[in-house]
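The values are calculated or read from the model by the stated rules, or taken from the named source; none is laboratory data. As the structure is a prediction and not an experimental result, all values here were calculated from the model. Here Cβ is always computed from backbone atoms with ideal geometry, including for glycine, and neighbour counts include all displayed protein chains.
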């Protein structure tokens, strides 16, 4: 598996997200999760960052059994949720990991499940890469002061970078979670 960041560490996430916005799982809490060891290691050693417009709360301490139901009837280990700042009373989407494989899915408020990444490791890598790029790009930091075309070009570049490392992030028909998220980023 090719990774964006070979030695990604907790401190790397804290550099752009802030220490208060990165949560690591308790090793005892995920020990019995049926996930690949690399996925459990990234949750406990590196953590999950909050990412504006995508992850607003993590569930890494909320139980140890799959509990997020997909529209196909499967159950996922809870990882995170997104709550829109204007509508904080309800989750707009939940992220969960598939037992056995570690494939990460996003389950929308409508109950529809969409594959987000091929593994928890790649999901955290994509969160980190997106966080760094949106935090360091003047175009994405100040989209209201830029031409829409410039912002869309920057988002397309980011989408290509994410898809290069995890094609599932973009999907076969540009219908993967990251492709949809970045296409709607301005709105």
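Out of the helices (runs of 4 or more DSSP H) lying entirely within the range 1-52, which hold 2 or more residues that are surrounded by fewer than 20 Cβ atoms within 10 Å (Cβ to Cβ), more than 18 Å from the chain's Cα centre (by Cα) and without any contact (Cβ under 8 Å) to a residue 60 or more places away in the chain?
Once the helices (runs of 4 or more DSSP H) in the range 1-52 are filtered for at least 2 residues that are surrounded by fewer than 20 Cβ atoms within 10 Å (Cβ to Cβ), more than 18 Å from the chain's Cα centre (by Cα) and without any contact (Cβ under 8 Å) to a residue 60 or more places away in the chain, what remains is 27-30.
Can you name every residue in the range 106-129 that is free of Cβ contacts under 8 Å to residues at least 40 places away in the same chain and surrounded by 18 or more Cβ atoms within 10 Å (Cβ to Cβ)?
Residue satisfying the conditions is 107 alone.
Do any helices (runs of 4 or more DSSP H) lying entirely in the range 108-187 carry at least 2 residues that are at pLDDT 80 or above, and which ones are they?
120-136, 148-165, 167-170, 177-183
Would you tally the residues in the range 22-48 being in contact with a strand residue (DSSP E or B) (Cβ under 6 Å, 6 or more places away or on another chain) and within 16 Å of residue 125 (Cα to Cα)?
Within the range 22-48, residues that are in contact with a strand residue (DSSP E or B) (Cβ under 6 Å, 6 or more places away or on another chain) and within 16 Å of residue 125 (Cα to Cα) number 4.
Would you confirm, using the coordinates I've provided, whether residue 152 is touching a residue at least 24 places away in the same chain (Cβ under 8 Å) and over 16 Å from the mean Cα position of the chain (by Cα)? Don't jump to the end; show me each part of the working.
Working: touching a residue at least 24 places away in the same chain (Cβ under 8 Å): yes; over 16 Å from the mean Cα position of the chain (by Cα): yes.
When the stated conditions are applied, residue 152 passes them.
Just checking, which of 31, 69, 90 is in contact with a helix residue (DSSP H, G or I) (Cβ under 9 Å, 6 or more places away or on another chain) and at pLDDT below 90?
Unique residue meeting the criteria: 31.
Kindly indicate whether residue 102 is within 18 Å of the chain's Cα centre (by Cα), surrounded by 15 or more Cβ atoms within 10 Å (Cβ to Cβ), at pLDDT 95 or above and outside any helix (DSSP H, G or I).
Judged against the criteria, residue 102 is a match.
Here's the yes/no breakdown for (1) under 29 Å from residue 19 (Cβ atoms); (2) surrounded by fewer than 13 Cβ atoms within 10 Å (Cβ to Cβ); (3) in contact with a helix residue (DSSP H, G or I) (Cβ under 6 Å, 6 or more places away or on another chain):
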position: 131; (1), (2), (3): yes, no, yes
position: 138; (1), (2), (3): yes, yes, no
position: 147; (1), (2), (3): no, yes, no
position: 162; (1), (2), (3): yes, no, yes
position: 168; (1), (2), (3): no, no, no
position: 176; (1), (2), (3): no, no, yes
position: 183; (1), (2), (3): no, no, no
